[in-house]
Ligand code: S3P
């Protein structure tokens, strides 16, 4: 069983993933970290030198490697996706078919606040006004997050721990 966490940059996928891993005792894999480790390059380098489409192909290949086809058994894991992983239809298909995907849904206000608190290295948010960029990219992606996820959790006002506890309860109901 793979529990995949999706959501916009700054929605807390990795942080909620860590809490969920502690509660379930399943290992946590971060898709960005996996790609950086296996390719020996940073996400920034891949996107800025090879382009976003190549990065999206690498995400699809990583998802293939980390998940099992329906009917195959594999060890359970928590998988924190990148914020744009589902924009590639091939990746969205793998996530839909092979994982229980949870969308950490947050408002633009929450996302901007989180991104300002822990800026990280996010080449796709560079340039221009952060709030405008987040709002327009989220508007492009929201339908894809919502149609791919099996569970949607509104995270505004929740701590990472509370979000993980809600997910545990929702998984129990599924
Ligand atoms: C991206 C999100 C990033 C990373 C890359 C592209 C996106 O992951 O995969 O910079 O397109 O939203 P996080 O959501 O973990 O920041």
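Coordinate-derived values only; no laboratory data. This one's a predicted model, so the numbers in the text were calculated from it and none came from an experiment. All Cβ positions, glycine included, derive from the backbone under ideal geometry; neighbour counts span all protein chains shown.
Identify, please: which residue in segment 9-59 is outside any helix (DSSP H, G or I) and more than 23 Å from residue 130 (Cα to Cα) and is, among those, nearest to the ligand (Cβ to nearest atom)? Steps first, answer last, please.
At the first step, the residues of segment 9-59 found to be outside any helix (DSSP H, G or I) are 9-12, 25-30, 40-42, 51.
From what's left, more than 23 Å from residue 130 (Cα to Cα): 25-30, 40-41.
On the way: 25: 23, 26: 19, 27: 18, 28: 13, 29: 13, 30: 7, 40: 17, 41: 13 Å.
If we take residues in segment 9-59 being outside any helix (DSSP H, G or I) and more than 23 Å from residue 130 (Cα to Cα), then 30 is nearest to the ligand (Cβ to nearest atom).
Collect the residues in segment 149-169 that are in contact with a strand residue (DSSP E or B) (Cβ under 8 Å, 6 or more places away or on another chain) and without any contact (Cβ under 8 Å) to a residue 24 or more places away in the chain, keeping them in residue-number order. Hit for segment 149-169 is 166, nothing else.
Could you grab me the full set of residues in segment 89-104 that are more than 13 Å from residue 64 (Cα to Cα) and buried (at least 21 other Cβ atoms within 10 Å of the Cβ)? Hits for segment 89-104 are 101, 102, 103, 104. For residue 15, the conditions (1) over 16 Å from residue 122 (Cα atoms); (2) surrounded by fewer than 19 Cβ atoms within 10 Å (Cβ to Cβ); (3) in contact (Cβ under 8 Å) with a residue 12 or more places away in the chain are fulfilled apart from (2).
Residues in segment 133-150 that are under 12 Å from residue 111 (Cα atoms) and away from the ligand (no atom under 13 Å from the Cβ): 135 only. In this structure, is residue 146 over 19 Å from residue 32 (Cα atoms), outside any strand (DSSP E or B), in contact with a strand residue (DSSP E or B) (Cβ under 8 Å, 6 or more places away or on another chain) and in contact (Cβ under 8 Å) with a residue 24 or more places away in the chain? Judged against the criteria, residue 146 is a match.
The single condition from (1) near the ligand (Cβ under 10 Å from one of its atoms); (2) outside any helix (DSSP H, G or I); (3) surrounded by 15 or more Cβ atoms within 10 Å (Cβ to Cβ) that residue 158 fails is (1). Note on segment 89-126: residues that are more than 14 Å from the ligand (Cβ to nearest atom) and part of a loop (DSSP other than H, G, I, E, B) total 2.
Considering only residues of segment 71-88 that are away from the ligand (no atom under 15 Å from the Cβ) and farther than 20 Å from residue 16 by Cβ, which is surrounded by the fewest Cβ atoms within 10 Å (Cβ to Cβ)?
Within segment 71-88, the first condition is being away from the ligand (no atom under 15 Å from the Cβ), and the residues that meet it are 71-77.
With the extra rule that they be farther than 20 Å from residue 16 by Cβ, the set shrinks to 71-75.
Numbers: 71: 5, 72: 8, 73: 7, 74: 12, 75: 9.
Looking at the filtered set, the residue picked out is 71.
Taken together, the criteria place residue 130 among residues that are surrounded by fewer than 20 Cβ atoms within 10 Å (Cβ to Cβ) and closer than 18 Å to residue 12 by Cα.
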